[in-house]
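S.K.: My questions all concern the structure below.
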Amino acid sequence: MLAIALLALLCASASANAIQPRASSYNGEYGGGGGERFSHSGYQLEGPITAIRVRVNRYYIVGLQVRYGKVWSDYVGGTQGDLEEIFLHPGESVIQVSGKYKYYLRKLVFVTDKGRYLPFGKDTGTSFNAVPLYPNTVLRFISGRSGSLINAIGLHWDVYPSDCGSC
């Protein structure tokens, strides 16, 4: 009897997976080991990524902030360096993130589905290139670790929100 119940549970699980294909994936963490953890997971409920602010100095990515829909996330990182800001076009999404790191994040390049390359930082260190695992998915939020600099970054991918008429 237990074997039949287990078999029924496995079959139900397999058919549920066939009905609901996976869409979310994760890349990272890229960077060094220090800093305090942060996550923008709750902000993705505000809508898609619509703008990115990155603070850079001569050597590192110092801080970052992302706008989800019309709401800016908490700023993470330090205060030294120049603040750069890029706005995405309506309906534009980030489909690839590359960069460089050595103990701290040194460079970030956001690539959009409209063919734009949005670079921040310096071109030195160990390279990484992050893309979603599943087709038709985009960057939905970031996580990582930070202190006076951005120590590491993680990239979370999923489908573009379907209920975002004003984004």
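The values are calculated or read from the model by the stated rules, or taken from the named source; none is laboratory data. Only a predicted model underlies this, so the values are computations on that prediction, with no experimental measurement involved. Because the Cβ atoms are built from the backbone with ideal geometry, glycine has one as well, and the counts that use them run over all protein chains shown. For accessibility, only protein heavy atoms count, side chains too; no ligands or nucleic acids. Shrake-Rupley method; radii C 1.70, N 1.55, O 1.52, S 1.80 Å.
S.K.: If you take just the strands (runs of 3 or more DSSP E) that sit entirely in region 30-130, which of them hold at least 3 residues that are open to solvent by less than 50 Å² (accessible area, probe 1.4 Å) and either farther than 16 Å from ILE142 by Cα or of a type outside the set (Gly, Ala, Ser) (or both)?
M.R.: Counting at least 3 such residues, we get 49-56, 61-68, 94-102, 104-112, 117-121.
S.K.: Which of (1) touching a Phe, Trp or Tyr at 6+ places or on another chain (Cβ under 7 Å); (2) modelled with pLDDT of 95 or more does ALA23 not meet, given it meets every other one?
M.R.: Going through (1) touching a Phe, Trp or Tyr at 6+ places or on another chain (Cβ under 7 Å); (2) modelled with pLDDT of 95 or more one by one, ALA23 breaks only (2).
S.K.: Taking the condition of being among the β-branched types (Val, Ile, Thr) and open to solvent by 60 Å² or more (accessible area, probe 1.4 Å), how many residues in region 131-167 meet it?
M.R.: Restricting attention to region 131-167, the residues satisfying the condition of being among the β-branched types (Val, Ile, Thr) are 131, 137-138, 142, 150, 153, 159.
Within this subset, residues satisfying the condition of being open to solvent by 60 Å² or more (accessible area, probe 1.4 Å) are 131, 159.
Residues in region 131-167 being among the β-branched types (Val, Ile, Thr) and open to solvent by 60 Å² or more (accessible area, probe 1.4 Å): 2 in total.
S.K.: Further question: Of all residues in region 42-60, which are more than 15 Å from the chain's Cα centre (by Cα) and in contact (Cβ under 8 Å) with a residue 60 or more places away in the chain?
M.R.: VAL56, ARG58, TYR59, TYR60
S.K.: Between a residue in region 109-129 that is modelled with pLDDT of 95 or more and any residue that is among the polar types (S, T, N, Q), which pairs come within a Cβ distance under 6 Å, given they are 6 or more apart or on different chains?
M.R.: Close Cβ pairs satisfying both conditions: VAL109/SER98; VAL111/GLN96; ASP113/SER93; ASN129/SER98.
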